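Everything on this sheet refers to the single structure shown next.
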Amino acid sequence: MKNLEYVSIRWKNDSLHILDQRKLPNEETYIIAQTSEDIFHAIKDMVVRGAPLIGFTGIFGILFWVKDVFSSEEELNQISKYLNSSRPTAINLSFELDNAVSLVKNAIKKDKTQEETMQLILDHAMAQIDKIRIDNQKMADLAADHLYKLYGEKKLNIVTLCNTGFLACGPMGTALGVISNLSKLNRVNMVYTSETRPYLQGSRLTSYELKKEGIDHRIIVEGAHSYILENKQIDAVFIGADRIVSNGDTANKIGSSTLCLIAKHYNVPFFVVAPTSSFDLSLETGDDIEIELRDEDEILRYKEYLIAPKGATAINPSFDISRGEYIRAIFCEKGDISPVTNEKISIVHAASNE
Ligand code: MRU
């Protein structure tokens, strides 16, 4: 297999080396995954995170099953279900798992050997990561065109939340890919990156990526969103997505829906950037999306330090729903979805992938 070498993920010596995002920005260390269980835990424990990269990593859970087990279709379905249960909200995981499972089922039907099947999945993984890179650039180009129509060459002030760059996607990124592309076009004045309590994806990861790219930015706390949108001449808000349903309702990191409502209040365009693998058109509204509830300790502690009174309890929903009616446009690799309506979503989603 061609060398797979992205900053956040590397395939070397039959193992997946995954950048441990829990340790960023202070340490750049990798964990080595060699079994399907390792992949399950890397996703569940957030060594690797971000919807597209979670999905991509899931493919290797199937690959390790082929390497170590390669038994019946029934067991293959079970391992896929197990891997899919590691994080429930991002649909990219089940999308990638379903594709990898179909590939293996086909290979079994054609009497392919274990080694041949492994090679098929590795080739598929390579094709997928190439596709992610190309798709991310298409989304960034569509967003740049849309903003050009709104603002011309003006240098923009942008707000974003969570982490949606190469750490979340492999190559480039979704919302952060848009920002990085605009910066290359010399059309960014300032990026405000939300800290993203409680896991700090914004301050730990987005700032790390923006610094690497030399993009001027300030970290803000989520409580400052109204202040920033009212006082800093914000031109656009960009977020990614973990799942987008038929009416455009979008699940993304907790705090996104508050930001969306504030943007609506100040009449700042609120944009979503996500590949079609983030769409789940089997669901009608965001109310049908399962929201991951994570451990309350992520709120009550900072590393080993208790930051609330002993015995205090917390509730830690990891995602919330921004309503389609408040989203100005969704950029996916197949097109610019604006206005965000059921009809426009189904037309763009069904378009061919040229
Ligand atoms: O819990 P995380 O860190 O996996 O959440 C990530 C996000 O919410 C991202 O914004 C989303 O996956 C879109 S990423 C390109």
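Could you compute how fast the chain diffuses translationally, taking Rh as the Kirkwood radius over C-alpha pairs and applying Stokes-Einstein at 25 °C with viscosity 0.890 mPa s? Give it in µm² per second.
119 µm²/s
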**Message:** Students often get this wrong, so check it: of K23/K44; K81/K105; K138/K184, which have C-alpha atoms separated by over 22 Å?
**Reply:** none
**Asked** If you line up the long axis of helix 114-151 against the longest principal axis of the chain, both from Cα atoms, how many degrees apart are they, to the nearest 10?
**Response** 10 degrees
**Request:** Please return the longest stretch of the chain lacking exposed loop sites, where trypsin sites (Lys or Arg not before Pro) count only if DSSP places them in a loop and at most 12 other Cβ atoms lie within 10 Å.
**Result:** 155-302
**Asked** Relative to the longest principal Cα axis of the chain, at what angle does helix 256-266 sit, 0 to 90 degrees, rounded to 10?
**Response** 30 degrees
**Request:** Please name which of P309, Q114, V221 has its Cα lying farthest along the dipole of the chain towards the positive end, using unit charges on Cβ (Lys, Arg +1; Asp, Glu -1) and the Cα centre as origin.
**Result:** V221
**Asked** So which GluC sites (Glu not before Pro) in the range 142-226 pass both tests, a DSSP loop state and at most 13 other Cβ atoms within 10 Å of the Cβ?
**Response** E153
**Request:** State the Cα centre-to-centre distance between the range 191-213 and the range 215-293 in whole Å.
**Result:** 16 Å
**Fill in**
Lys and Arg at +1, Asp and Glu at -1: neighbours of H349 with Cβ under 12 Å from its Cβ sum to -1
**Complete:** Rounded to one decimal in nm, the spacing of the 7 Å Cα→Cβ label points at I108 and D123 is 2.1 nm
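FYI, it's all coordinate maths here, none of it is from the lab. None of the values given here were measured: they were computed from a predicted structure. Please note: Cβ atoms are built from the backbone with ideal geometry, for glycine as well, and neighbour counts cover all protein chains shown.
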